[in-house]
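This report refers to the structure that appears directly beneath it.
The values are calculated or read from the model by the stated rules, or taken from the named source; none is laboratory data. Fair warning: this is a prediction, and the values are worked out from it, not measured in the lab. Don't worry about glycine lacking a Cβ; one is built from the backbone with ideal geometry, like all the others, and counts go over all protein chains shown. SASA here: full protein model, heavy atoms, side chains in, ligands and nucleic acids out. Shrake-Rupley method; radii C 1.70, N 1.55, O 1.52, S 1.80 Å.
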Amino acid sequence: MALLDFDGDYGRTYNARIRRLIPAYDAIFELAAATAAALEPQARRVLVVGAGSGTELPALLQAMPQARFTLIEPSQQMRGLCNALIAEIGATARAEWGPDHLQAGGAGDFEVVISHNVLHVLPPPEQEQLLQRMAAHLAPGGCLLLSSYSESNPPGFELGLAIGRARFEALGMDAATIEAVMASRNTKVFSMDEERLQRELTQAGLEAPIPLLQALFQRLWLSRRAAQECEGGATA
């Protein structure tokens with residue numbers, strides 16, 4: 001269960017505060033869309049897990065102009081924000097809502113699966129479950145794009161915390177809020193361990209994740225499923 005209240009005050013002010021909380025927030029979306037455009041420009045089916053307020057959708061719709069998007073989002077408030085954006089950009093014909101939560105038993109039915117800033121609101125056992133489910137929905141030859149909070153090992157860890165505090169101060173965040181954000185580490189926001197990420201994806205038949213961007217403890221990864229094997233063992 002996600003521990004942040006996306007149907008309460010946090011969700012209402014999400015768009016106003018998220019760029020202060022996540023460094024390179026827009027750069028992550030920009031690079032993920034560019035990756036999709038480079039690897040899957042002809043994609044027909046795209047799954048977005050944790051669509052939130054929909055901020056990433058305009059660039060993705062442009063990157064994959066033939067694709068129809070299935071959106072997963074458990075928060076009704078965030079769905080409302082996303083619906084308003086989809087209507088504003090005239091994309092209602094290309095987007096549909098799936099179930100509130102991604103279901104098990106995927107049949108490899110999406111060429112692209114994308115999930116931004118979702119894994120870190122789940123504790124590790126639920127992170128692993130979601131990774132397995134997303135992998136199961138990824139078609140042969142498809143790509144998985146993930147962004148999440150992911151802590152560094154020492155000595156980079158302490159340096160990252162110090163830089164993070166200085167960044168919050170420079171952005172005008174008050175001391176009490178800074179302390180609350182720092183205290184949320186691994187109580188409300190859970191680090192996505194890179195070794196565990198690699199293990200879960202490779203066990204699910206995907207390639208080892210490639211790091212595309214790191215901004216302090218925020219990271220973006222790409223993983224791909226190999227194309228189906230043809231007769232004789234060659235790949236399609």
Rounded to the nearest 10 degrees, the helix 124-136 long axis (Cα) sits at an angle to the longest Cα principal axis of the chain of 30
With Cα coordinates, the longest principal axis of the chain makes an angle with the long axis of helix 156-170, in degrees rounded to 10, of 70
When the charge dipole of segment 43-163 is computed with +1 on Lys and Arg Cβ and -1 on Asp and Glu Cβ about the Cα centre, the Cα farthest towards its positive end, among VAL121, ALA87, GLY106, belongs to ALA87
Distance in Å, no decimals, from the C-alpha centre of segment 126-159 to the one of segment 72-92 is 24
Comparing LEU61, LEU161, LEU138 in a Gaussian network model of the chain (Cα, 10 Å), the one with the largest mean-square fluctuation is LEU161
Rounded to a whole %, the carbon-and-sulfur portion of the accessible area of the chain at a 1.4 Å probe is 54
Cα-based Rg/(2.2 N^0.38 Å) for segment 59-114, rounded to two decimals, is 1.18
quick note, the chain, DSSP beta bridge pairs, % antiparallel (nearest 5) is 45
In a Gaussian network model of the chain with springs linking alpha carbons closer than 10 Å, the residue among SER152, SER53, SER223 that fluctuates most is SER152
The extension gain from GLU126 to GLN103, computed as 0.36 nm times the residue separation minus the Cα-Cα distance, is 7.0 nm
Residue-normalised 222 nm signal for the chain, counting each DSSP H run of n ≥ 4 as -39,500 (n - 2.57), nearest 500 deg cm²/dmol, is -12000 deg cm²/dmol
Checking ILE72, ILE178, ILE28 against a Gaussian network model of the chain (alpha-carbon springs below 10 Å), the top fluctuating residue turns out to be ILE178
With +1 on the Cβ of every Lys and Arg and -1 on the Cβ of every Asp and Glu, the dipole magnitude of segment 135-187 about its Cα centre, in debye rounded to the nearest 20, is 140
Taking placed amide H atoms and a strict 5 Å upper bound, the residues 5 or more places from LEU122 or on another chain that come that close are PHE190
For the chain, longest principal axis from Cα atoms; helix 76-88 axis from its Cα atoms; angle between them, nearest 10 degrees, is 70
Working note, the chain: Cα radius of gyration (Å, one decimal) and Dmax (Å, whole number) are 17.7, 63
The chain accessible area per residue, 1.4 Å probe, protein heavy atoms, integer Å², reads 47
Mean projected area (nm²) from the convex hull of Cα positions in segment 110-212 is 7.2
A chain fully extended from GLN76 to ARG165 at 0.36 nm per residue, minus the present Cα-Cα distance, gains in nm 28.8 nm
Two pseudo-spin positions, 7 Å from Cα along C-beta at THR187 and at ALA91, lie apart in nanometres by 3.6
The ³J(HN,Hα) series, computed from each phi in segment 65-75 with the Karplus coefficients 6.51, -1.76 and 1.60 at θ = phi - 60°, rounded to the nearest Hz and given as x for glycine or proline, is x, 9, 7, 9, 9, 9, 10, 10, 7, x, 7
